[in-house]
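These notes are about the structure you will find just below.
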Amino acid sequence: MKQSFNAYAKEDEKGIAAHTRNDRSFHVKVDTLLGLQWGDEGKGKIVDVLTPDYDIVARFQGGPNAGHTLEFEGQKYVLRSIPSGIFQGGKINIIGNGVVLDPALFKAEVEDLEASGHNLSDRLYISRKAHLILPTHRLLDQAYESQKGCNKIGTTGKGIGPAYTDKTGRNGLRIGDLEYNFTEKYAQAIARHKEMLRQMDFEYDLTDLEKEWWKGIETIKRFRLIDSDHFINKTLSEGKKILAEGAQGTMLDIDFGSYPFVTSSNTICAGACTGLGVAPAKIGEVYGIFKAYCTRVGSGPFPTELFDETGQKIRDLGCEYGSVTGRPRRCGWIDLVALRYAIMIDGVTRLIMMKSDVMDSFDTIKACVAYEINGKEIEDFPFEINESVKPLYVELPGWKTDMTKMQSEDEFPEEFNAYLSFIEETLGVNIHLVSVGPDREQTIIRYTE
Ligand code: GDP
Ligand code: IMO
Ligand code: MG
């Protein structure tokens, strides 16, 4: 039997996975996987690794601002709106109601995957309640960014903010609207956006964008459009297991992230409840994923950012360039103050440490354990992060060993074990998985329970 990464997935004497038995259905919950930093922690890789233990993988928020990378059998894939469980055969993947979907980018993503031999149509379902990103949302995103000038957010430019603004402003168009008077609703929304763009003196050409967008609508119609709230709750009651895949990271959450330099959705665990229609009591394991260091793309505070050759070394060794935009990611030491905050907000039950191998050649590694603000030491993540916030570090010995080919925790160098223990003690949660390279196989389970 292939090594299972999920404690729930133990098989009984007849080889039936416990979670598929009816008598266990009462206990079956939705597990969530969430980024704990500023995104790009490696969520795509780990969702793919965990998928064999689940029946369904569902994205619950965000949109094509996400870029989730998976590597296996010498191939590399970057997913934007399609859940990362799509490559593990036979599993249903759902684009949930909390997601904003751009038809043109969705079409490109589907075509890329189909060209590489992956048939999606029978196992990718889309929620009728997911909102559509209109071609003008992308233009509005650009217009707002140029209006902000040097205070710009540094968005991915995919129209995420304007699409969620229309959702909360009760002006959004949903996937389900495609089934009722859609052209009329679309025309009204576009006219309203054009007026907004005119008021901002923003110049644009909509022709090609709209053409691609409408082709994308035809692609969407090829898929099964579902009432995902009912579907998910029904399959849960049948004892099926669901993994909710987060996008972005807790520090980019609209409520709890480094506002206003955040994305426009709830990236936290509670976002899985609203983004899938799952009651809070039905949330099970909460996997919190973080890198052995820290990165950020776009503007906004980043207390442990390194501007020197160490920062550049992390960028080079970790290939820290955006999977969607190609932008160089800002790099720095691990920030345990921010991580502790994220763990508190998300209720993390299991930690997953990524990109440990990137630290393989460092003599010493720093970990930020507190901030100093105006001469005072602070361990709780503060309301505002500005220039007066100074990270306070503990310096730990590096392990100076190539970990990329390791297969089990028994091979871990002593210094690496000490690094793991230090993080676990500071954060109060066990590290359940360790990633030592981008490939699916470069993942090591730790038996800590
Ligand atoms: P996501 O958005 O959270 O899914 O993360 P991204 O895919 O944007 O960024 C993570 C990057 O790190 C990708 O290029 C992955 O292939 C790569 N990666 C994931 N895990 C590891 C690891 O353990 N070591 C190394 N060196 N690279 C990794
Ligand atoms: P994944 O899922 C890293 C950042 C942008 C910007 C801010 C707002 O791959 O981890 P938006 O386009 O959402 O309005 O941009 O959020 N951002 C991400 N950073 N990873 C992501 O996704 C991100 N999605 C958005 O860089 O700072
Ligand atoms: Mg990413």
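Please name whichever of Ala279, Gln199, Asn65 sits farthest to the positive end of the charge dipole of the chain, dipole taken about the Cα centre and charges placed at Cβ: Lys and Arg +1, Asp and Glu -1. Working it through, the farthest residue towards the positive pole turns out to be Gln199.
Summing +1 for each Lys or Arg and -1 for each Asp or Glu among the other residues whose beta-carbon sits under 14 angstrom from that of Glu184 gives 0.
Dipole orientation for the range 372-431: of the candidates Pro391, Phe422, Ser408, Pro391 has the Cα lying most toward the positive pole (charges on Cβ; Lys, Arg +1; Asp, Glu -1). For Gly257, no residue 5 or more places off, or on another chain, has a built amide H under 5 Å of its own. Rounded to the nearest whole Hz, the Karplus-based 3J(HN,Hα) values (6.51 cos²θ - 1.76 cosθ + 1.60, θ = phi - 60°) of the range 199-209 follow the sequence 5, 8, 6, 8, 8, 7, 10, 8, 3, 5, 4, with x at glycine and proline.
Take 144-150, 105-111, 326-332 and order them by the average number of nearby Cβ atoms within 10 Å per residue, most first; the result is 105-111, 326-332, 144-150. The lysines whose alpha-carbon is closer than 17 Å to the alpha-carbon of Lys390, local same-chain residues fewer than 8 away aside, are Lys366, Lys376. Using a/c under 1.5 as the rounded threshold, could you call the range 322-396 rounded, prolate or oblate? The axes a ≥ b ≥ c are square roots of the C-alpha gyration tensor eigenvalues, and prolate needs a/b larger than b/c, oblate otherwise. It is rounded, given that a/c, with a ≥ b ≥ c, falls under 1.5. Dipole orientation for the chain: of the candidates Leu105, Ile289, Cys319, Leu105 has the Cα lying most toward the positive pole (charges on Cβ; Lys, Arg +1; Asp, Glu -1). Distance between the C-alpha centres of the range 77-119 and the range 409-449: 30 Å, rounded to the whole angstrom. How high is the relative contact order of the chain, in percent, counting Cα pairs under 8 Å that sit 6 or more residues apart? Over the chain, the number comes to 19 percent. Taking 0.36 nm per residue of sequence separation and removing the Cα-Cα distance, the Asp201/Glu73 pair yields an extension gain of 41.1 nm. Applying 0.36 nm per residue to the separation of Asp112 and Glu425 and subtracting their alpha-carbon distance, the gain on full extension is 108.3 nm. Using alpha carbons only, how many angstrom separate the centre of the range 182-236 from the centre of the range 351-407? First find each Cα centre; the distance between them is then 42 Å.
Taking amide H as placed 1.01 Å from N in the peptide plane, the amide H of Asp40 sits under 5 Å from that of Gln248, each at least 5 places away or on another chain.
Most simply put, the chain has about 40% antiparallel DSSP beta bridges, counting only bridges with both residues inside it. Take every Cα pair under 8 Å whose residues are at least 6 apart in sequence, average their separation, divide by the length of the range 111-265, and the relative contact order is 31 percent. The residues neighbouring Met403, those whose beta-carbon lies less than 12 Å from its own, together hold a net charge of -3 under the Lys/Arg +1, Asp/Glu -1 convention. Here the chain is assigned +1 on the Cβ of each Lys and Arg and -1 on the Cβ of each Asp and Glu. Its dipole about the Cα centre then comes out at about 1480 debye.
The string of couplings for the range 210-218 from the Karplus curve (6.51, -1.76, 1.60, θ = phi - 60°) is 5, 4, 5, 4, 5, 5, x, 4, 5 Hz, one whole number per residue in order, with x for Gly and Pro. Among Asp201, Asp360, a tally of other beta-carbon atoms within 10 Å of each Cβ gives an order, fewest to most, of Asp201, Asp360.
From the helices alone, meaning DSSP H stretches of at least four residues, give me the mean residue ellipticity at 222 nm for the chain, per-run term -39500 (n - 2.57), in deg cm²/dmol to the nearest 500. For the chain, the value works out to -9000 deg cm²/dmol. Which entries of Lys43/Lys241; Lys76/Lys241; Lys185/Lys211 show an alpha-carbon separation above 25 angstrom in the structure shown? Long pairs (Cα-Cα over 25 Å): Lys76/Lys241.
Based on the Cβ-Cβ distance from Asp122 to Asn171, what FRET efficiency comes out when R0 is 41 Å, to the nearest 0.05? That gives a FRET efficiency of 0.75. About its Cα centre, the range 36-146 has a charge dipole of approximately 340 debye under the convention of +1 per Lys or Arg Cβ and -1 per Asp or Glu Cβ, with nothing else charged.
Throughout, read-outs are computed from the coordinates displayed, never taken from laboratory work. Remember, it's a predicted structure, so these values are computed and weren't measured experimentally. Cβ: placed from backbone, ideal geometry, glycine included. Neighbour counts: every protein chain shown.
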